[in-house]
Amino acid sequence: LNNAFRNKEKFYRKPPSGRAAKKAKTVVQPTDFRDVIDLFDLDNNTDANKQLIVDMTEHLQSPLEGNDPNIPEVRKFYAIKSLPGLLFIPNPFQPEQQIYWANQLSENIIYLHNPTNVVNIEMIRWRENNKNFSPEEESNHEQSLLMTEWNEEEMKKIRWATVGYHFQWTKRVYQRDKHGPFPSDLAKLCKQFAHQVGYEMEPEAATLNYYSNPKYLMGGHVDDAEEDMEKPIVSVSFGNSVVFLIGGTTREVEPTALYIRSGDVVIMGGESRKFYHGVPRMIENTSPAFFHPD
């Protein structure tokens, strides 16, 4: 189905190359990124986009108490006039802090008994082949599938992992009986960012998205399974830059495009909490050099 959001996704999606381009039998044009809002380099914006950017730094709150060397202090943040409730924090991390969190989220937190897309697929198959099972049997089988140690080959298959209350992707719900511990340092990080820009929250659930390949990205959606939609979503990104789209309460609203670079933080609160959003494009080879010391 074509709609305003879908059309913009297609516009920013990576053009086909190689055999795919030949198969398409069309002249592939490079993507025009001029309308993407850039909140790292404000001069790199069209005049129209410059009018949408609001510097909110004067409203910055003092950081929470507690000196954690891995949790940065917010120095500046912005709003977008057409996106009420959405706040953007340009990368507040030092390189060593980014390295710490990238390791935490890809090597440490990932295997602390948290379900992943791989587990989800295996559980669907198991339920199809085992019609009569008890909740205890289901839980025991799921536990047996969880990663408990780092495995590079298995990690290549990971697209997402759920932390805290585990989102049930098939049913699109959270269940109170399916949860694990929410990492205390990750909770502190999210609370700090939210607090400094004017939101208060107690993190209880998170989805860790892994984009190991440019074709594995995030389609347009609304996060509407949470019980309290008044609390914001805090999104932190590491690695390659991406184009982030955020529209309105229906797919018919044309979305706004923003660059998200490594270390950037997007907070969706207020009205924007119920807006469609997604990531149609990863810009390859834009990951910071400190992630690639060799």
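The values are calculated or read from the model by the stated rules, or taken from the named source; none is laboratory data. In this text, all values refer to a predicted model and were calculated from it rather than measured experimentally. Using ideal geometry, Cβ is built from the backbone for each residue, glycine included, and neighbour counts are taken over all protein chains shown. When the accessible area is computed, the model is the full protein with side chains, heavy atoms only, and any ligands, DNA or RNA have been set aside. Shrake-Rupley method; radii C 1.70, N 1.55, O 1.52, S 1.80 Å.
With respect to Arg273, is the statement that it is within 18 Å of Lys215 (Cα to Cα), in contact with a Lys or Arg (Cβ under 9 Å, 6 or more places away or on another chain) and surrounded by 19 or more Cβ atoms within 10 Å (Cβ to Cβ) true? Against the criterion (within 18 Å of Lys215 (Cα to Cα), in contact with a Lys or Arg (Cβ under 9 Å, 6 or more places away or on another chain) and surrounded by 19 or more Cβ atoms within 10 Å (Cβ to Cβ)), Arg273 does not qualify. Only one entry in Gly263, Gly220, Gly248, Gly278 is out of contact with any Lys or Arg (no Cβ under 6 Å at 6 or more places or on another chain), touching a residue at least 60 places away in the same chain (Cβ under 8 Å) and in a loop (DSSP other than H, G, I, E, B), namely Gly263.
Taking the conditions exactly as written (touching a Gly at 6+ places or on another chain (Cβ under 8 Å), modelled with pLDDT of 85 or more, of a type outside the set (A, V, I, L, M) and closer than 20 Å to Ile89 by Cβ), does Phe182 satisfy them or not? Spelling it out, it is not the case that Phe182 is touching a Gly at 6+ places or on another chain (Cβ under 8 Å), modelled with pLDDT of 85 or more, of a type outside the set (A, V, I, L, M) and closer than 20 Å to Ile89 by Cβ. Every listed requirement among (1) surrounded by 13 or more Cβ atoms within 10 Å (Cβ to Cβ); (2) more than 18 Å from the chain's Cα centre (by Cα) is met by His166 save one, (2). Residues of region 211-244 that are closer than 17 Å to Trp101 by Cα and at pLDDT 90 or above: Val234, Ser235, Val236, Ser237, Phe238, Gly239, Asn240, Ser241. With respect to Gly198, determine if the residue is modelled with pLDDT of 95 or more, buried (at least 21 other Cβ atoms within 10 Å of the Cβ) and assigned to a loop (DSSP other than H, G, I, E, B). No, not satisfied. Going through (1) part of a helix (DSSP H, G or I); (2) open to solvent by 30 Å² or more (accessible area, probe 1.4 Å); (3) closer than 28 Å to Met282 by Cβ one by one, Phe182 falls short only on (1).
Of all the criteria given as (1) farther than 30 Å from Phe290 by Cα; (2) surrounded by fewer than 21 Cβ atoms within 10 Å (Cβ to Cβ); (3) in contact with a Pro (Cβ under 6 Å, 6 or more places away or on another chain); (4) of a type outside the set (Val, Ile, Thr), the one not satisfied by Ala187 is (1).
Among the residues making up region 223-244, a single one is open to solvent by 30 Å² or more (accessible area, probe 1.4 Å), part of a strand (DSSP E or B) and polar (S, T, N, Q): Ser235. Filtered by the rule that a residue be open to solvent by less than 50 Å² (accessible area, probe 1.4 Å) and either touching a helix residue (DSSP H, G or I) at 6+ places or on another chain (Cβ under 6 Å) or of a type in the set (Phe, Trp, Tyr) (or both), region 201-213 gives Met201, Pro203, Leu208, Tyr210.
In the set (1) open to solvent by less than 40 Å² (accessible area, probe 1.4 Å); (2) modelled with pLDDT under 85; (3) not in a loop (DSSP other than H, G, I, E, B), Ala20 fails one condition alone, (1).
State all residues of region 144-173 that are modelled with pLDDT under 85 and polar (S, T, N, Q); if no residue qualifies, say none. Within region 144-173, Thr148, Asn151, Gln168, Thr170 qualify. Counting the residues of region 222-238 that are farther than 22 Å from Lys81 by Cβ and within 12 Å of the chain's Cα centre (by Cα) gives 4. Looking at (1) open to solvent by less than 80 Å² (accessible area, probe 1.4 Å); (2) among the hydroxyl-bearing types (Ser, Thr, Tyr); (3) not in a helix (DSSP H, G or I), which one does Thr148 not meet, given that it meets all the others? Thr148 satisfies all of (1) open to solvent by less than 80 Å² (accessible area, probe 1.4 Å); (2) among the hydroxyl-bearing types (Ser, Thr, Tyr); (3) not in a helix (DSSP H, G or I) except (1).
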